[in-house]
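Shown next, in structure tokens, is the structure this report addresses.
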Amino acid sequence: MGGLILALSDEPASTRVWQQGARGERAVAEAVDALGPDVVGLHDRRLRRPDGRLSTPNIDHLVVTPAGVWVVDAKTHTGRLEVRRAGDFLRPRTERLVIRGRDQSRLLDGLATQVAAVTAELERVGADVPVRGALCFVGTELPWGGETVAGVPLVGRRGLTRLLRRPGDMAVEERAAVAAYLAERFPTAG
């Protein structure tokens, strides 16, 4: 019976989710690439593990800006996003990322792993470049005025472009060198 249902159904849910994610990643890549020559975007890069080997997970976007490097994880969750905070002077403060009523705080762990990998690679060669992470949502209802959780900006494409346009001290030559190094250390996943 299950085989019959599969034969009669459309594409599997996993394929639809993958295609939706790929559309979101492309939309974010287009927004980054439209920022012009001050910003260098490296898209769909393979993640390098602490032992130096490449792994299957990927980094959606590495963006080198005058203010440093941004690791941007594109997400296409539907529904409303909120940050739920708890705790007071008697209990420790906690923050949870909730989308459509479901705890999605694990997204922060994946981003933290990516930021740590990029930071480690830059430290390996003595590059003193700030590395930050952001979650960029496409098709998600974001809180008006922006939001952060655990210091991570939760933005849409417009909010992301505002982050990436922030001024900084990295000269054009330094940005080019950092981008070239990151492109070598985190090759394209495709």
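The values are calculated or read from the model by the stated rules, or taken from the named source; none is laboratory data. In this text, all values refer to a predicted model and were calculated from it rather than measured experimentally. Every residue, glycine as well, gets a Cβ built from its backbone with ideal geometry; the counts of neighbours run over all protein chains shown. The accessibility values were calculated without ligands, DNA or RNA, using every heavy atom of the protein model including side chains. Shrake-Rupley method; radii C 1.70, N 1.55, O 1.52, S 1.80 Å.
So Leu135 clears everything in (1) at pLDDT 95 or above; (2) aliphatic (A, V, I, L, M); (3) over 22 Å from Ala86 (Cα atoms) except one condition, right? Which one?
For Leu135, the failing item is (3).
Six or more apart or on different chains, Cβ atoms under 8 Å: show the pairs whose first residue is in region 176-190 and in contact (Cβ under 8 Å) with a residue 24 or more places away in the chain and whose second is among the polar types (S, T, N, Q) and outside any helix (DSSP H, G or I).
Ala189/Asn58
Counting only residues that are charged (D, E, K, R) and loosely packed, with under 13 Cβ neighbours inside 10 Å, which one in region 163-190 is nearest to Gly36 (Cα to Cα)?
Applying the filter and picking the extreme gives Arg166.
So for region 144-151 (the condition being surrounded by fewer than 18 Cβ atoms within 10 Å (Cβ to Cβ), in contact (Cβ under 8 Å) with a residue 40 or more places away in the chain and out of contact with any Leu (no Cβ under 6 Å at 6 or more places or on another chain)), does at least one residue qualify?
yes
Taking only region 94-115 into account, find how many residues are without any contact (Cβ under 8 Å) to a residue 24 or more places away in the chain and among the acidic types (Asp, Glu).
The total comes to 2.
Go through the residues of region 79-95 one by one and say whether even a single one is within 25 Å of Ala176 (Cβ to Cβ) and exposed (fewer than 13 other Cβ atoms within 10 Å of the Cβ).
No, that holds for no residue.
So which pairs qualify, if the first residue must be in region 77-93 and over 17 Å from Glu147 (Cβ atoms) and modelled with pLDDT under 85, the second must be open to solvent by 90 Å² or more (accessible area, probe 1.4 Å) and not aromatic (Phe, Trp, Tyr), the Cβ gap must be under 7 Å, and the two must be at least 6 apart or on different chains?
The qualifying pairs are Gly87/Arg93.
Does Val118 qualify as being in a loop (DSSP other than H, G, I, E, B), crowded, with 18+ Cβ neighbours inside 10 Å and either touching a residue at least 12 places away in the same chain (Cβ under 8 Å) or of a type in the set (Asp, Glu) (or both)?
No.
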